[in-house]
Amino acid sequence: MTPTKSSAPPERPWTTGTAPGSVPLLGHTLALWRRPLQFLASLPAHGDLVEVRLGPSRAYLVCHPELVRHVLLNPRVFDKGGVFDKARQLLGNSLSVSRGEDHRYQRRMIQPAFHPPKIAAYTAAVADDTRAAIGSWQPGRTLDISDTMHALLMRVAARTLFSTGVGEATIDEARHCLRVVSHGIYKRTMAPLGIMEKLPTPGNRRYDRANARLRQIVDGMISDRRRSGADHGDLLSTLLRAEHPETGKGLDDGEVLDQVVTFLVAGSETTASTLAFVFHLLGTHPEVEQRVHAEIDAVLGDRAPAFEDLPSLEYTRGVITESLRLYPPSWMAMRVTAAETELGGRTIPAGTMILYSAQALHHHPGLFPAPERFDPERWLPDRAKEVPRGALLPFGAGSHKCIGDVLALTETALIVATVASRWRLRPVPGTALRPQPKATLEPGPLPMVCEPR
Ligand code: HEM
């Protein structure tokens with residue numbers, strides 16, 4: 001069979017290698033399971049394309065930014081199979097797991113909810129919710145910034161994307177259910193055999209209950225909106241009004257529900273974790289924190305931040321980018337080859353798992369000098385020019401690139417500016433950051449003490 005010609009495979013003398021430490025039968029499965037972040041970050045030292053054994057199967061981690069771009073820009077060859085096939089059974093055929101024509105249609109239909117004027121319109125609610133959240137903080141009080149940001153982001157998603165009138169208690173309940181569901185989806189998609197999740201264990205029953213309750217809450221939001229017939233111009237209205245360009249058919253309630261749950265899973269934990277990492281980094285780097293405060297004070301004075309202020313907060317945005325580099329919430333993703341193809345000078349058979357990892361790229365000393373150093377100045381215009389194309393990849397690339405990237409960056413900058421203009425957050429002494437790679441990279445509990453500025 002001739003290898004499938006995908007668009008312009010980059011040509012140069014690529015280096016390929018095999019990850020060390022394969023053990024009989026399991027290959028590298030244990031290393032990837034037990035210490036995924038360290039394992040992934042160690043692999044670029046072995047080549048631009050590194051073979052990894054997952055039990056009896058061969059997979060490849062793409063370690064060079066140009067090869068990663070090639071994979072992500074050729075979705076017909078490097079398709080969403082493998083874990084995405086399993087996720088489709090849990091999330092329905094929604095945007096993040098659909099493929100081919102179906103994906104193109106969904107993306108066209110949903111994109112308008114993320115156009116810049118929409119994002120600008122969402123920001124008033126983000127600022128309001130943030131002010132309301134920090135309004136109850138007390139000097140000297142300790143709060144878990146991870147948990148606080150998760151609660152805030154769930155409220156923000158409910159108000160902006162779904163303009164829902166459901167009460168605080170229901171939003172909080174939905175947040176708890178979402179955590180259980182998101183962890184459950186991750187475990188179920190990663191489990192090699194698919195047997196454990198079917199047993200009536202307490203964990204599986206908890207997942208089933210949380211999933212049913214989350215869907216019941218979202219179902220209620222959809223019925224309310226259908227009944228009222230109001231167009232809020234948000235994501236929910238976009239979904240309810242969508243029509244297939246050829247068949248004219250809209251989405252039924254089950255399909256809308258799958259999309260809403262997908263957006264909650266994909267959008268709220270990632271952004272909340274980013275914020276928690278940023279506040280931790282600011283709290284542990286007083287010199288950076290001072291520059292952020294100085295910039296925010298100079299741009300805002302006594303005003304509350306608004307969408308229009310964000311372009312002026314250049315250093316603060318550098319802090320956020322640097323946090324996304326060090327702790328990319330989407331730490332690993334995969335594709336499966338739909339046909340035999342060439343990659344990095346190798347012939348790869350159809351059905352091979354191809355991994356790409358922001359964690360591996362972002363910690364590669366050949367791409368980022370002193371990669372473990374928190375250095376927001378990397379992102380000031382002069383130095384940012386030196387970063388190789390495609391080396392920073394927190395939101396992916398190509399047709400599956402994060403649809404919420406601008407929204408996430410806007411929300412993050414606005415929330416950082418709103419909090420930092422009033423409060424300084426000090427890490428409780430002895431707290432160590434231990435990022436936990438799950439469905440997204442999570443910071444774990446981060447107790448911090450509130451000090452008024
Ligand atoms: C800091 C926050 C975020 C990060 C780091 C992030 C990261 C990513 C990445 C890396 C992908 C591509 C995955 C792949 O290549 O397989 C992705 C896709 C996606 N993201 Fe995000 N995301 C964030 C926030 C959001 C938000 C706020 C939303 C929506 C409200 C969202 C919705 C989605 C969806 C629906 C997809 C699938 C897109 C498609 O396949 O067409 N994300 N995200």
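The values are calculated or read from the model by the stated rules, or taken from the named source; none is laboratory data. Remember, it's a predicted structure, so these values are computed and weren't measured experimentally. Counting neighbours? That spans all protein chains shown, and the Cβs are built from the backbone with ideal geometry, glycine included. SASA here: full protein model, heavy atoms, side chains in, ligands and nucleic acids out. Shrake-Rupley method; radii C 1.70, N 1.55, O 1.52, S 1.80 Å.
General observations
- Region 194-262: translational diffusion in µm²/s, Stokes-Einstein, Kirkwood Rh over Cα pairs, 20 °C, 1.002 mPa s: 154 µm²/s
- Label-point separation in nm, D102 to M196, each point 7 Å along Cα→Cβ: 2.8 nm
- As a length-normalised measure over Cα pairs under 8 Å and 6 or more apart, the relative contact order of region 372-453 settles at 22 percent.
- Inverse mean reciprocal Cα-Cα distance (Kirkwood Rh) of the chain, Å: 23.1 Å
- Calculated P(r) of region 148-229 - Cα pairs past 15 Å, %: 62 percent
- For the chain, with all protein chains in place and a probe radius of 1.4 Å, 56% of the accessible heavy-atom surface sits on carbon or sulfur.
- Per residue accessible area of the chain, 1.4 Å probe, in Å²: 44 Å²
- Computed from the Cα positions only, the extents of region 90-191 along the three principal axes stand at 53, 40, 22 Å, in decreasing order.
- Using the Cβ-Cβ distance between E314 and Q111 with R0 set to 25 Å, the FRET efficiency from 1/(1 + (r/R0)^6) comes to roughly 0.35.
- Spherically averaged projected area of region 334-394 from its Cα convex hull (nm²): 5.2 nm²
- Intensity falloff of region 408-453 expressed as log10 I(q)/I(0), Debye formula with alpha-carbon point scatterers, at q = 0.19, 0.21, 0.28 Å⁻¹: -0.81, -0.91, -0.98
- At q = 0.17 Å⁻¹ the log10 of I(q)/I(0) for region 18-163 amounts to -1.08, computed by Debye summation with a single uniform scatterer per C-alpha, solvent ignored.
- Normalised by the number of residues in the chain, the mean separation of alpha-carbon contacts (under 8 Å, six or more apart) gives a relative contact order of 26 percent.
- Evaluated with a Cβ-only charge set (Lys, Arg +1; Asp, Glu -1), region 178-315 carries a dipole of roughly 1080 debye about its Cα centre, given to the nearest 20.
- When the Cα convex hull of region 297-381 is projected onto planes of every orientation, the mean area is 8.4 nm².
- Shape parameters for region 356-453, alpha-carbon atoms, Rg then Dmax in Å: 16.1, 44
- Per-residue extension of 0.36 nm, minus the Cα-Cα distance of D231 and R383, leaves a gain of 50.2 nm for this segment.
- With each label modelled as a point 7 angstrom along the Cα→C-beta vector, the A121-S223 pair spans 2.7 nm.
- Kirkwood hydrodynamic radius over Cα pairs of region 248-297, then Stokes diffusion coefficient at 4 °C and 1.567 mPa s, in µm²/s: 94 µm²/s
- Under-5 Å amide H pairs with H232, H placed in peptide plane, nonlocal only: S237
- For region 220-341, pairs of C-alpha atoms spaced more than 19 angstrom apart make up 67 percent of the total.
- Sequence-distant contacts, meaning Cα pairs under 8 Å at least 6 residues apart, place the relative contact order of region 110-207 at 21 percent.
- In this calculation the C-beta distance from R76 to V23 is compared with R0 = 35 Å, giving a FRET efficiency of 0.50.
- CD proxy at 222 nm, helix term only [per DSSP H run n ≥ 4: -39500 (n - 2.57); per residue of the chain; nearest 500]: -15500 deg cm²/dmol
- Spin-label pair R434-D172: with each label point 7 Å from Cα along the Cα-Cβ axis, the two points sit 2.8 nm from one another.
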